[in-house]
Amino acid sequence: TLSEHTAVFRSPSQHRLQVREPLCTIDRWKFGQLLVRKLEEKGVHVYKGIVKSPVIGNGCKGVKTKDSRTFLGTVTIDCSGINSILHKSVSSYAIPPEKYVVAYKEELVLENPIQLDYAVIFMDKKAIPSGYMWCFPKSEYTLNIGIGGVTIDKGSLKALLHKNLQIHKAITVKERRKTGFGILPSGNPLPSMVYPGLLVCGDAASQVNPLTGEGIAP
């Protein structure tokens, strides 16, 4: 059950901006598995492998994998993330490194329950330069927390997150799990997302909201 507001943005002056639009969090792994099952129900063949290079011939004709397999098709859809090699092989455009956003997240299991039924976004340049910290409740004993910003190195991100957590005495950590870093493109989308035989989308096409770093909904 959600409260009357589903997200709160907090500024350094402790000003609170409440968002009353319906929000939800997504279990990324379960969401991905659901998509795979839906595809298989429609007759799609699923193969897990690492793309080595595109098959080029008057445009993109498919891909070659590192285990020496070749997959051909009329259209190849590239949604392989920021490190995609497909669009780089057909375009000279590269996302500038200064446009990268680095994020770090953890799932906290708490010693004591916490009463929080809405998401909280902390925006404080003194504590988090060029970025923000988030806290999404998953249950009274579990929080999805993270921190991200422009051109911040990994080491300082993790340290910043732990330092800011120490301020909140109500949070007593029992276990940290599902930890990880991510890199997002926060600049303009690719000049073109369409090439002969190739469509590019998602992080590979830099389709991230440059203001918030959000990518799933767009």
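Under 8 Å by Cβ, and 6 or more places apart or on different chains, what pairs join a residue from segment 69-96 that is farther than 12 Å from Pro54 by Cα with one that is open to solvent by 70 Å² or more (accessible area, probe 1.4 Å) and among the basic types (Lys, Arg)?
Short answer, once both residue conditions are applied: Ala94/Lys88.
Tell me which of these Glu98 doesn't satisfy, since it passes every other one: (1) surrounded by fewer than 16 Cβ atoms within 10 Å (Cβ to Cβ); (2) part of a loop (DSSP other than H, G, I, E, B); (3) in contact with a Ser or Thr (Cβ under 7 Å, 6 or more places away or on another chain).
That leaves (2) as the condition not met.
Output yes when any residue across segment 23-36 is open to solvent by 90 Å² or more (accessible area, probe 1.4 Å), in a loop (DSSP other than H, G, I, E, B), of a type outside the set (A, V, I, L, M) and farther than 30 Å from Lys126 by Cα, and no when none is.
Scanning segment 23-36, I find no residue that is open to solvent by 90 Å² or more (accessible area, probe 1.4 Å), in a loop (DSSP other than H, G, I, E, B), of a type outside the set (A, V, I, L, M) and farther than 30 Å from Lys126 by Cα, so the answer is no.
What residue, of Thr76, Thr6, Thr25, is polar (S, T, N, Q) and within 20 Å of Gly148 (Cβ to Cβ)?
After applying the criteria, what remains is Thr25.
Just the residues that are over 16 Å from Asn144 (Cβ atoms), touching a Lys or Arg at 6+ places or on another chain (Cβ under 8 Å) and among the β-branched types (Val, Ile, Thr), please, taken from segment 97-132.
Answer for segment 97-132, where residues must be over 16 Å from Asn144 (Cβ atoms), touching a Lys or Arg at 6+ places or on another chain (Cβ under 8 Å) and among the β-branched types (Val, Ile, Thr): just Val102.
When you look at Gly49, is it closer than 30 Å to Phe136 by Cβ, without any contact (Cβ under 8 Å) to a residue 60 or more places away in the chain and either among the small types (Gly, Ala, Ser) or touching a helix residue (DSSP H, G or I) at 6+ places or on another chain (Cβ under 7 Å) (or both), yes or no?
Spelling it out, it is not the case that Gly49 is closer than 30 Å to Phe136 by Cβ, without any contact (Cβ under 8 Å) to a residue 60 or more places away in the chain and either among the small types (Gly, Ala, Ser) or touching a helix residue (DSSP H, G or I) at 6+ places or on another chain (Cβ under 7 Å) (or both).
Going by the conditions given, is Ile82 part of a loop (DSSP other than H, G, I, E, B), open to solvent by less than 70 Å² (accessible area, probe 1.4 Å) and aliphatic (A, V, I, L, M)?
The answer is yes for Ile82.
Hey, Lys52 hits all of (1) under 27 Å from Pro185 (Cα atoms); (2) open to solvent by less than 100 Å² (accessible area, probe 1.4 Å) but one; which does it fall short on?
(2)
Name the single residue, out of those in segment 66-79 being open to solvent by 100 Å² or more (accessible area, probe 1.4 Å) and assigned to a loop (DSSP other than H, G, I, E, B), that is nearest to Ala205 (Cα to Cα). Lay out the reasoning, then the answer.
Step one: of segment 66-79, the residues open to solvent by 100 Å² or more (accessible area, probe 1.4 Å) are 66, 68-69, 72, 74, 77.
Filter once more, so that each one left must be assigned to a loop (DSSP other than H, G, I, E, B): 66, 68-69, 74.
On the way: Lys66: 23, Ser68: 26, Arg69: 25, Thr74: 20 Å.
If we take residues in segment 66-79 being open to solvent by 100 Å² or more (accessible area, probe 1.4 Å) and assigned to a loop (DSSP other than H, G, I, E, B), then Thr74 is nearest to Ala205 (Cα to Cα).
Residue under question is Lys88, and the condition is that it be charged (D, E, K, R), surrounded by 13 or more Cβ atoms within 10 Å (Cβ to Cβ) and closer than 17 Å to Cys201 by Cβ; does it hold?
Spelling it out, Lys88 is indeed charged (D, E, K, R), surrounded by 13 or more Cβ atoms within 10 Å (Cβ to Cβ) and closer than 17 Å to Cys201 by Cβ.
Given the criterion small (Gly, Ala, Ser), more than 24 Å from Trp134 (Cβ to Cβ) and buried (at least 16 other Cβ atoms within 10 Å of the Cβ), identify the matching residue among Gly197, Gly202.
Exactly one residue qualifies, and that residue is Gly197.
The values are calculated or read from the model by the stated rules, or taken from the named source; none is laboratory data. Model, not experiment: these values are computed from the prediction. Methodologically, a virtual Cβ is constructed for each residue, glycine included, from the backbone with ideal geometry; neighbour enumeration extends over all protein chains shown. Side chains are part of the model used for accessible areas, which takes the heavy atoms of the whole protein and leaves out ligands, DNA and RNA. Shrake-Rupley method; radii C 1.70, N 1.55, O 1.52, S 1.80 Å.
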